[in-house]
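Q: Let me begin by handing over the structure; questions about it come next.
The values are calculated or read from the model by the stated rules, or taken from the named source; none is laboratory data. None of the values given here were measured: they were computed from a predicted structure. Glycine gets a Cβ as well: all are built from the backbone with ideal geometry, and neighbour counts include every protein chain shown.
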């Protein structure tokens, strides 16, 4: 076998294999929590309701046409209304069915939604610098902790970026998505992992287009220090770990 064969096979459809598997869902095992829990006395930040007035460009054609990976940002902050919109656009819940499945602004295999959205906030109006987590059911931010030398930490996390070194530390917000794989494995077993990667692509593309619609730019980041970022966020690295990042700032 060539050195690429196993990885290429991972990219192929595995539905035939899936049909032969008795998943935990089929076994009647309880579904894992849809979102990560938090302490009742946690500090929460209310986010403004999302509406079209936040947009500076509501033309989806031009947003798609003009979308680029943006690595240079102005010092202008993102407003709280704009951040609320970006979070809604990437993980916002639009409805829930009778079975309790959440339908969101992004497609997801089996509505399993294995992701949590963490934010390193550097330059957002009315929000102190620090580390936050988005709560999609409440549409609120959970303040986690302040972070000394935030820009230096971002540099350490994002390693050596080939096109514009250290660009992420100038962004207003660094979006960090983790995955809890068992949310998808419960339903799809060993076929879950390709689906997780497809689904996070949907999330990040929505961030790109939503950023374009508010005169901001986004840049996905796939080069990062896995252990450092997982440790920083207090993730256990086995059951939940970071899978993708993206920087966002005003152009």
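Q: Taking into account only those residues within segment 2-26 that are touching a residue at least 60 places away in the same chain (Cβ under 8 Å) and in a helix (DSSP H, G or I), which is farthest from residue 190 (Cα to Cα)?
A: Ranking the candidates gives 11 first.
Q: For residue 194, indicate whether it is out of contact with any helix residue (DSSP H, G or I) (no Cβ under 6 Å at 6 or more places or on another chain) and either surrounded by 19 or more Cβ atoms within 10 Å (Cβ to Cβ) or free of Cβ contacts under 8 Å to residues at least 40 places away in the same chain (or both).
A: Working: out of contact with any helix residue (DSSP H, G or I) (no Cβ under 6 Å at 6 or more places or on another chain): yes; either surrounded by 19 or more Cβ atoms within 10 Å (Cβ to Cβ) or free of Cβ contacts under 8 Å to residues at least 40 places away in the same chain (or both): no.
For residue 194, the condition - out of contact with any helix residue (DSSP H, G or I) (no Cβ under 6 Å at 6 or more places or on another chain) and either surrounded by 19 or more Cβ atoms within 10 Å (Cβ to Cβ) or free of Cβ contacts under 8 Å to residues at least 40 places away in the same chain (or both) - is not met.
Q: What number of residues within segment 170-191 satisfy the criterion of being assigned to a helix (DSSP H, G or I) and either within 12 Å of residue 240 (Cβ to Cβ) or without any contact (Cβ under 8 Å) to a residue 40 or more places away in the chain (or both)? Walk me through how you get there before you give the answer.
A: To start, the set of residues in segment 170-191 that are assigned to a helix (DSSP H, G or I) comprises 170, 182-191.
Filter again for either within 12 Å of residue 240 (Cβ to Cβ) or without any contact (Cβ under 8 Å) to a residue 40 or more places away in the chain (or both), leaving 182-183.
Going through segment 170-191 one residue at a time, the tally reaches 2.
Q: Filter segment 145-168 down to the residues that are outside any loop (DSSP other than H, G, I, E, B) and in contact (Cβ under 8 Å) with a residue 24 or more places away in the chain and list them by number.
A: Matches in segment 145-168: 150, 151, 153, 154, 156, 157, 158, 167, 168.
Q: Right, here's the next one. Please enumerate the residues belonging to segment 78-99 that are out of contact with any strand residue (DSSP E or B) (no Cβ under 8 Å at 6 or more places or on another chain) and in contact (Cβ under 8 Å) with a residue 40 or more places away in the chain. Break it down stepwise before answering.
A: The first filter runs over segment 78-99 and keeps only residues out of contact with any strand residue (DSSP E or B) (no Cβ under 8 Å at 6 or more places or on another chain), leaving 81, 84-85, 88-89, 98-99.
Those that are out of contact with any strand residue (DSSP E or B) (no Cβ under 8 Å at 6 or more places or on another chain) and in contact (Cβ under 8 Å) with a residue 40 or more places away in the chain: 84, 85, 88, 89.
Q: OK, next. Among the listed residues 246, 220, identify the single one that is surrounded by fewer than 21 Cβ atoms within 10 Å (Cβ to Cβ), outside any helix (DSSP H, G or I) and touching a strand residue (DSSP E or B) at 6+ places or on another chain (Cβ under 8 Å). Step through it out loud before you land on a result.
A: Numbers: 246 fails: surrounded by fewer than 21 Cβ atoms within 10 Å (Cβ to Cβ).
When all the criteria are applied, what remains is 220.
Q: For segment 28-120, please list each of the strands (runs of 3 or more DSSP E) lying entirely inside it that holds at least 2 residues being buried (at least 16 other Cβ atoms within 10 Å of the Cβ). Full working, then the answer.
A: Working: elements: 44-46, 93-96, 102-104.
Of the strands (runs of 3 or more DSSP E) lying wholly inside segment 28-120, those with at least 2 residues that are buried (at least 16 other Cβ atoms within 10 Å of the Cβ) span 102-104.
Okay, residues lined up against (1) more than 22 Å from residue 231 (Cα to Cα); (2) at pLDDT below 95:
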residue: 92; (1), (2): yes, no
residue: 101; (1), (2): yes, yes
residue: 104; (1), (2): yes, no
residue: 115; (1), (2): no, no
residue: 122; (1), (2): no, no
residue: 125; (1), (2): yes, no
residue: 132; (1), (2): no, no
residue: 144; (1), (2): no, no
residue: 152; (1), (2): no, no
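Q: Can you confirm whether segment 225-240 contains a residue that is touching a helix residue (DSSP H, G or I) at 6+ places or on another chain (Cβ under 7 Å), surrounded by fewer than 17 Cβ atoms within 10 Å (Cβ to Cβ), assigned to a helix (DSSP H, G or I) and in contact (Cβ under 8 Å) with a residue 24 or more places away in the chain?
A: Scanning segment 225-240, I find at least one residue that is touching a helix residue (DSSP H, G or I) at 6+ places or on another chain (Cβ under 7 Å), surrounded by fewer than 17 Cβ atoms within 10 Å (Cβ to Cβ), assigned to a helix (DSSP H, G or I) and in contact (Cβ under 8 Å) with a residue 24 or more places away in the chain, so the answer is yes.
Q: So residue 96 ticks every box in (1) modelled with pLDDT under 95; (2) under 14 Å from the mean Cα position of the chain (by Cα) but one. Which box is left unticked?
A: (2)
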